[in-house]
Every structure is written in C-alpha cells, then in structure tokens.
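Structure first, commentary second.
The values are calculated or read from the model by the stated rules, or taken from the named source; none is laboratory data. Remember, predicted model here, so these are calculated numbers, not experimental data. Neighbour counts run over all protein chains shown; Cβ positions are idealised from the backbone, glycine included. For the accessible areas, the whole protein counts, side chains as well, though only heavy atoms, and no ligand, DNA or RNA atoms are used. Shrake-Rupley method; radii C 1.70, N 1.55, O 1.52, S 1.80 Å.
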Amino acid sequence: MKKIFKVLLASIFMLCGASAFAAKKSIVCVTYPEYDWVMNILGGKASGFNVTLLQKNGTDLHSYQPSVKDIASISSCDMLVYVGGESDEWVEKVLSNAKNKNMVVVNMMEVLGDKVKEEEFVEGMQGDEHEHEDEHEHHHDEDEVEYDEHVWLSLKNAVVIVNHLSEKIQSLDSANSSVYKSNAASYVKQISDLDREYEKAVATSSKKTVLFGDRFPFRYLVDDYGLSYFAAFVGCSAESEASFETITFLSKKVDELGLKSVLTIEKSDKKIARTIISNTKEKNQEVLEMDSLQSVTESDIKGGRNYLSAMKKNLEVLKTALR
C-alpha cells in the first residue's frame, strides 16, 4: 500500500511539475542581441519564462537555416523576436502557419521604422564597379531596395528596441510589469551611457574614417557618430575574395588617410586585411577586430560574452583605429 502511495505521489509531483513548466510563457529569439536584451529585461524573473535562442551554434544571420525543432518552437511560442530583414524572410512563412494565433511578434526593423537604412556601396567596394553593368539585363531589380539588417550595432537603435520589448513582455506578465519596466530602464541607462562614451571618443579622435578589409556590418554604428568608412564588401555580402582593384583602392586609402590599422569582423581569416597592408607604403599597420555579434555560441554566452561587453570592446578597438 505504501509503495502504491509513493508511486502515486511521485506521479502527482511529475504532473504538477509538467503543469508548472507548461504554464511558463515562452519567448523565442532568432538572433543573439535580442536574446540578451530580453534576458536583461526579465532579470530575476527569467526563470519564470522559457527563453529560446535559435542561432546559438555560431551560424550567422545570413546563412542560418531553421530546423524542424526551431520551426515548432516558433509556431507555439507566446512571443517571437526577430530582425525582419531579407535573411530571415523564412520567419514570415512560419508565422503564417503558426499554431498560436495570439503570439506577440516583434520585428525589430518594423519597430525602428524609418531609422532602418538601405544597404549601400561606397567607393572602391567589391561589386560597386559592376553594380550598374548591363542595365537591360538587370532592369527588373532597379526598384528592389535592400535594407541593412545589422540594426543592433547602433546603441541608439538598441534603446528603442529594448523599450519596445519591455512593453511587450509586460503585456505577457502584467503582474510583474513594474519589475520589467525597472529592469529595462536600468539597462537602457547602461546602453545610453556607453553611447555617450562613443560620442566622446569620436569627438576627441584625430581620425574620422575606418577601413575594413572585410564585410562591413557597422553602417549603423559609424552613421551614429558621423564617421566615414571604406570596406571590401557590404555587410550582407557572401563574397570572400577581393579583386585586385578593391585591394589596390583600399591600400591607397590607408596611405592617403594615414591610417594605422585595418579592421575585420570576428571569425575573419584576416587574409584580405593583411593583403591590403602588404600593399601600403609603410606595411606596418595593425589588424584589429570588431565584434558584430553575428555568430555567438552557447559557450560564448557561458564565457561572459554579451551585448554590452561586446560593444564596450568595440569602443576600445575603435579608439585605437581612430588615433
């Protein structure tokens, strides 16, 4: 009898545990920056939610392919946060077939509205010289506008999105609304303080131009502080080989501007940057790396990498590049 009672009791605890788990609100974040923002807003209440980050294996936004499990997670979640650009257009298809029709959906580019920038080619960038080649062949693409998806690399954008996320999370759990509002305010202050540090650093720097021997996802960041830039590729480019013309142009720019460094993004093999340097007059520039937060892994998160720490490191790199 006691044995039967123990089995029944264990079963009840299991059912209660399952019910408690099922009662948790679920939030799915496609990329890392918004995941980190959500976790900061939730703060000590995070254990009351099931928060899922989809892109956690180092695959960036542009090459990510959702698994069946990812699609199922989105379909039934209470809140979904995604960038909203061309790279995650697949999300729209998932949403059209989602089980939860009352899902709170946050498309970050929609939240930002006219703050979103069009992708741009600058002088010397790979592809620029071919952009208007054979106009008859490409006339059907003339009206198609491509937008820069790397909206999180603007601290000013981050403030707007964090405040919006806070409002949506409050709608999911109104009982703890004041907690989320307070957490968001505290976090926004940290972001704004860092924004002011960037403004001060740029205002007191001797250089006002950065040069990337790589893709360039930092358009929002440089525009925020009035910086100019040159780069081998646009931010969303899949190209990895720079032409002789691009290398030559960028090398001459390094000489012309007296730059002491050539920048890359994380996980770059730095070959293009080194080739640019080898073609300058001095051939002694540094290769510096900035973190675009596009390929964060679980181990990175456990190791302490987060949005603010990455942007603080980027500030230190920027200070060196602009000296």
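Which of the residues spanning the stretch 215-243 are within 25 Å of E316 (Cβ to Cβ) and of a type in the set (D, E, K, R)? Answer for the stretch 215-243, where residues must be within 25 Å of E316 (Cβ to Cβ) and of a type in the set (D, E, K, R): R215, R219, D223, D224.
What do you reckon, is G43 open to solvent by less than 40 Å² (accessible area, probe 1.4 Å), of a type outside the set (A, V, I, L, M), in contact with a helix residue (DSSP H, G or I) (Cβ under 9 Å, 6 or more places away or on another chain) and assigned to a loop (DSSP other than H, G, I, E, B)?
Working: open to solvent by less than 40 Å² (accessible area, probe 1.4 Å): yes; of a type outside the set (A, V, I, L, M): yes; in contact with a helix residue (DSSP H, G or I) (Cβ under 9 Å, 6 or more places away or on another chain): yes; assigned to a loop (DSSP other than H, G, I, E, B): no.
No.
Taking the stretch 217-291 as the region of interest, the strands (runs of 3 or more DSSP E) fully inside it that hold 1 or more residues being open to solvent by less than 80 Å² (accessible area, probe 1.4 Å), closer than 26 Å to E199 by Cα and in contact with a Pro (Cβ under 7 Å, 6 or more places away or on another chain) are 261-265.
Filter the stretch 23-40 down to the residues that are hydrophobic (A, V, I, L, M, F, W, C), buried (at least 16 other Cβ atoms within 10 Å of the Cβ) and farther than 21 Å from Y147 by Cβ and list them by number. Don't jump to the end; show me each part of the working.
Here is the first cut: in the stretch 23-40, the ones hydrophobic (A, V, I, L, M, F, W, C) are 23, 27-30, 37-39.
With the extra rule that they be buried (at least 16 other Cβ atoms within 10 Å of the Cβ), the set shrinks to 27-30, 37-39.
Of everything in the stretch 23-40, those that are hydrophobic (A, V, I, L, M, F, W, C), buried (at least 16 other Cβ atoms within 10 Å of the Cβ) and farther than 21 Å from Y147 by Cβ turn out to be I27, V28, V38, M39.
Outside any helix (DSSP H, G or I) and open to solvent by 40 Å² or more (accessible area, probe 1.4 Å) - does that describe any residue in the stretch 180-201?
We begin by selecting, within the stretch 180-201, every residue outside any helix (DSSP H, G or I); these are none.
Taking every residue of the stretch 180-201 in turn, none turns out to be outside any helix (DSSP H, G or I) and open to solvent by 40 Å² or more (accessible area, probe 1.4 Å).
Picking from residues in the stretch 74-125 that are open to solvent by less than 80 Å² (accessible area, probe 1.4 Å) and among the charged types (D, E, K, R), the one that is farthest from T248 (Cα to Cα) is D78.
Say we look at the stretch 150-199 and pick out the residues that are free of Cβ contacts under 8 Å to residues at least 60 places away in the same chain and of a type in the set (S, T, Y); which of these is nearest to L318 (Cα to Cα)? Here the answer is S192. Which residue is farthest from the chain's Cα centre (by Cα), if the candidates are limited to the stretch 46-96 and must be assigned to a loop (DSSP other than H, G, I, E, B) and among the aliphatic types (A, V, I, L, M)? So the residue we want is L54. Considering the stretch 170-179, and only residues there that are open to solvent by 40 Å² or more (accessible area, probe 1.4 Å) and not polar (S, T, N, Q), the residue that is farthest from G44 (Cα to Cα) turns out to be A175. Collect the residues in the stretch 32-72 that are at pLDDT 95 or above and under 10 Å from S295 (Cα atoms), keeping them in residue-number order. Matches in the stretch 32-72: Y32 only. Remark: pairs (first residue in the stretch 295-323, under 21 Å from Q190 (Cα atoms) and modelled with pLDDT of 95 or more; second residue aromatic (F, W, Y) and in a helix (DSSP H, G or I); Cβ separation under 6 Å; 6+ apart in sequence or on different chains) = L315/Y198.
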